[in-house]
1. Once the piece of chain linking Ser16 and Met125 is laid out straight, how much longer is it, given 0.36 nm per residue of separation minus the C-alpha distance between them?
2. Specify the angular offset, from 0 to 90 degrees and rounded to the nearest 10, of the alpha carbon long axis of helix 131-149 from the longest principal axis of the alpha carbons in the chain.
3. I want to verify a result. In a Gaussian network model of the chain, Cα cutoff 10 Å, which of these has the top mean-square fluctuation: Ala187, Ala112, Ala100?
4. Write down Rg/Rh for the range 64-178, rounded to two decimals, with Rg from the C-alpha atoms and Rh from the Kirkwood relation over Cα pairs.
5. With +1 assigned to the C-beta of every Lys and Arg and -1 to the C-beta of every Asp and Glu, and no other charges, what is the dipole magnitude of the chain about the Cα centre in debye, to the nearest 20?
6. Taking 7 Å along the Cα-to-C-beta vector as the label spot, tell me the Arg139-Glu113 distance in nanometres, rounded to one decimal.
7. Taking 0.36 nm per residue of separation and subtracting the Cα-Cα distance, what length does fully extending Leu154 through Ala65 add?
8. Considering only C-alpha atoms, what is the centroid distance from the range 103-136 to the range 175-222, in Å?
Amino acid sequence: MTSDAPTLTIDRDNVSLGEAVFRALCQGLESGVYRSGDRLREDEVAQRLNVSRTPVREAFGRLMAKGWVQPAGGRGLIVRSLDPSEVLELYAMREILEGAAARLAAQHAAPAEIAALHDIHARFMAATGDPAELARLNRLMHGAIQRAARNRYLDSALADMHVAISLLGTTTFAAEGRPATAAAEHAELIEAIAARDPHGAEAIARKHIREALRTRLSMRLS
């Protein structure tokens with residue numbers, strides 16, 4: 001963990017304590033509180049979230065079942081990194097799911113949701129040169145499209161996908177040229193959603209994810 005990492009918070013509303021801790025740790029993975037190679041210890045997490053070790057132990061078990069952490073030497077767990085084959089599998093499924101979200105958003109997005117997408121896009125354009133902020137805004141963009149899709153089963157699948165993506169480490173927005181191409185892809189995608197073009201929105205979203213994979217692989221090779 002870096003000293004300037006985002007804080008970890010817990011929301012106990014309407015869920016069990018174990019579920020609340022699990023969600024908090026998932027948020028921690030997505031936002032960079034925990035990164036690949038970081039160690040998780042029951043006592044430290046319990047103290048950080050002001051809970052007992054029992055719900056933390058429950059949450060750790062769920063993280064292990066998802067394949068996002070693994071036992072570390074001695075006590076605790078370590079956040080995994082993904083091998084090359086897992087990266088390809090992850091992006092193959094991400095392309096399908098993000099494409100489906102875009103298709104459904106084109107069918108169901110309310111005018112206010114489309115306006116919100118335009119607002120996020122404008123903020124993305126203004127954040128050029130700050131990869132971490134671009135990554136945060138990109139998560140907001142995809143999250144807004146996901147919510148506009150109105151499909152609880154897709155929500156569940158994409159929630160897991162976003163946590164898995166966080167295990168990849170450095171954002172693709174750190175690669176030269178990627179922020180500009182991603183911004184153009186976002187603009188095209190928002191336009192298709194606003195035009196109520198499900199087929200076009202899905203095709204653009206899938207292309208967007210393929211370009212992200214191409215950048216990811218290039219970064220790994222370099």
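1. Length difference between fully extended and current span is 35.3 nm.
2. With rounding to tens, the tilt is 70 degrees.
3. Ala112
4. With Rh from the inverse mean 1/r over Cα pairs, Rg/Rh is 1.02.
5. Its charge dipole is roughly 440 debye.
6. Inter-label distance under the simple model: 2.1 nm.
7. Once the chain is fully extended between Leu154 and Ala65, it gains 30.1 nm.
8. Rounded to whole Å, the Cα centres lie 13 Å apart.
The values are calculated or read from the model by the stated rules, or taken from the named source; none is laboratory data. Quantities reported herein were computed from a predicted structural model and do not represent experimental measurements. When we count neighbours, we look across all protein chains shown, and the Cβ atoms used for this are built from the backbone with ideal geometry, even at glycine. Please note that ligands, DNA and RNA were not included when accessible areas were found on the heavy atoms of the full protein model with its side chains. Shrake-Rupley method; radii C 1.70, N 1.55, O 1.52, S 1.80 Å.
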